[in-house]
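A.B. asks: Quick one: the structure is below, questions incoming.
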Amino acid sequence: MDKAGSESNPLRVAVVGSGPAGFYATEELLKQTEIKVQVDLFDKLPTPYGLVRGGVAPDHQKIKSVIKLYAKTAAREGFRFFGNVQYGRDLSLEELLAHYHQLLFSTGAESDNRMGIPGEDLAGSFPATQFVGWYNGHPEYRHFEFDLSGPQVAVIGNGNVAMDVVRILAKPVSELETTDIADYALEALRQSQIKEIFMLGRRGPAQAAFTNPEIRELGVIEGADLVVRPEDLDLDEVNREFLEGVKEPTNKRNVEILTAQIDKGEGSAGKKVRAWFFTSPVEVLGSGRVQGLRIEKNQLLKDDAGNLRARGTGETQEISIQLIFRSIGYKGTGLAGVPFDERSGTIPNDGGRVIDPDTGKPMERVYVAGWIKRGPNGVIGTNKPDAIATVKFMLEDTARLPEAGGDIAALLESRGCAYVSFADWQRIDQAEVARGEPLGRPRVKFPTVDEMLAVLK
């Protein structure tokens, strides 16, 4: 048989995970002109697009427009989508390697870092990703319940996800009614009694992970005041030196935006978003459920390598809190038969080639892209060059590949696996859009897999 990549023997690639990294890798593979490529893209949900659908906040619809590019990829010759197919449940590593020349994992970072403090597991303390999945209509989080009847909430962290959570809790429901937020979440937010949202960052405003538009957005929410503490913006020598050394203007502009809020004081709105810096939680307080939070004031110090580290000063205080969302970093989860680094939450790799930790050498024909490759950093577009770099190695490794087996669709059908094609997804998509049109919303999502599959029946 001709070598893989010829017209008679196309390079057959399985991509597991249909988020941005998976689609960018698929696009790079299918646009090759020197070799013939076929890509089957798998996802455990019937819906593609990963965090673009299930993670991007509903009030940020423009960001979701990137799916138009992914749809163009899906229209390319050689593309197939297999939704509702879960790696490790419906297909194994050995089966995929038997059916394809190469295998790429782009499964993202689905678990959260823990705070590691007493009381963290009390009722009312959650990873922020569970709340995000819930309000975005992700089927795995449909049955979660969040008690929004208490007046005070703490969001631990100040990255993108933390900012989304704060904004959704602070915004008027009237501004969410025209988005694709889940119906049940909209109703719960309509009944919310939250009056005070504490956004706690362990480092200072100069090191905050949010971007200028995100913090600026918090300052103009109708019915909510962004309140900052003057002492947090009174930067010491270490923080001033940090700002002078950064080339990216985002950090300096963040400080300017926050400094401009000082003169506004407490404001007069019914809700307060309190952005506190140099603060770490040290204990969740409560009997049976969250009732408060003990926090410690931090100071930034330089370590021996010149890096800034937040160190507790021993000065603590307690604040009344009824609900906590932690957003302090995310980790990938291990996949059956694939090496995994528990510490970093990534699949060990060299530029995208998965490394066998026992031999220190690349596993044959197994690759990785996206957050499961490099960790949870960057924005959606960051995954494009990352995926392209991995595909470069995949194309370099096509010289000696074993013959690929039969069609995976036949194997799935023999097992009674109700996989969803891209055409099937388009029917689900059209049904959701149709549900939203009378309400002036971009779509009304089906929040369970059964409801999605019912559309196809």
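The values are calculated or read from the model by the stated rules, or taken from the named source; none is laboratory data. Computed from a predicted structure; not experimentally measured. Cβ: placed from backbone, ideal geometry, glycine included. Neighbour counts: every protein chain shown.
A.B. asks: Please tell me if residue 447 is modelled with pLDDT under 95 and under 22 Å from residue 141 (Cβ atoms).
C.D. replies: yes
A.B. asks: Let me ask another. Given 40, 112, which one is buried (at least 18 other Cβ atoms within 10 Å of the Cβ) and closer than 30 Å to residue 400 by Cβ?
C.D. replies: Values: 112 fails: closer than 30 Å to residue 400 by Cβ.
Being buried (at least 18 other Cβ atoms within 10 Å of the Cβ) and closer than 30 Å to residue 400 by Cβ holds for just one of 40, 112, which is 40.
A.B. asks: Just to verify a result, which residue in region 184-231, among those that are in contact with a Pro (Cβ under 8 Å, 6 or more places away or on another chain) and touching a residue at least 60 places away in the same chain (Cβ under 8 Å), is farthest from residue 241 (Cα to Cα)?
C.D. replies: That would be 184.
A.B. asks: May I ask you to verify whether residue 90 is among the charged types (D, E, K, R) and touching a residue at least 24 places away in the same chain (Cβ under 8 Å)? Steps first, please.
C.D. replies: Details: among the charged types (D, E, K, R): yes; touching a residue at least 24 places away in the same chain (Cβ under 8 Å): yes.
In short, yes.
A.B. asks: Among the residues of region 138-162, write down those that are buried (at least 22 other Cβ atoms within 10 Å of the Cβ) and within 21 Å of residue 332 (Cα to Cα).
C.D. replies: 138, 156, 157, 158, 161, 162
A.B. asks: Suppose the filter is surrounded by 21 or more Cβ atoms within 10 Å (Cβ to Cβ) and acidic (Asp, Glu); does residue 183 pass it? Working first, answer last.
C.D. replies: Numbers: surrounded by 21 or more Cβ atoms within 10 Å (Cβ to Cβ): no; acidic (Asp, Glu): yes.
Judged against the criteria, residue 183 is not a match.
A.B. asks: Follow-up question, since we're still on this one. Would you be able to say whether some residue in region 353-362 is assigned by TED's automatic domain parsing to the domain that holds residue 31, within 26 Å of residue 61 (Cα to Cα) and part of a loop (DSSP other than H, G, I, E, B)?
C.D. replies: no
A.B. asks: Condition (residue is modelled with pLDDT of 95 or more, among the aromatic types (Phe, Trp, Tyr) and assigned to a helix (DSSP H, G or I)) applied to region 192-206: is it met by at least one residue?
C.D. replies: So far as region 192-206 goes, no, none of its residues is modelled with pLDDT of 95 or more, among the aromatic types (Phe, Trp, Tyr) and assigned to a helix (DSSP H, G or I).
A.B. asks: Going through region 119-168 one residue at a time, which ones are in a loop (DSSP other than H, G, I, E, B) and under 16 Å from the mean Cα position of the chain (by Cα)?
C.D. replies: 136, 137, 138, 157, 158, 159
A.B. asks: Name the helices (runs of 4 or more DSSP H) wholly inside region 398-457 in which the number of residues that are buried (at least 16 other Cβ atoms within 10 Å of the Cβ) and not assigned by TED's automatic domain parsing to the domain that holds residue 367 is 1 or more. Before the answer, list the steps.
C.D. replies: Details: elements: 408-414, 422-436, 449-456.
The helices (runs of 4 or more DSSP H) meeting that bar are 422-436, 449-456.
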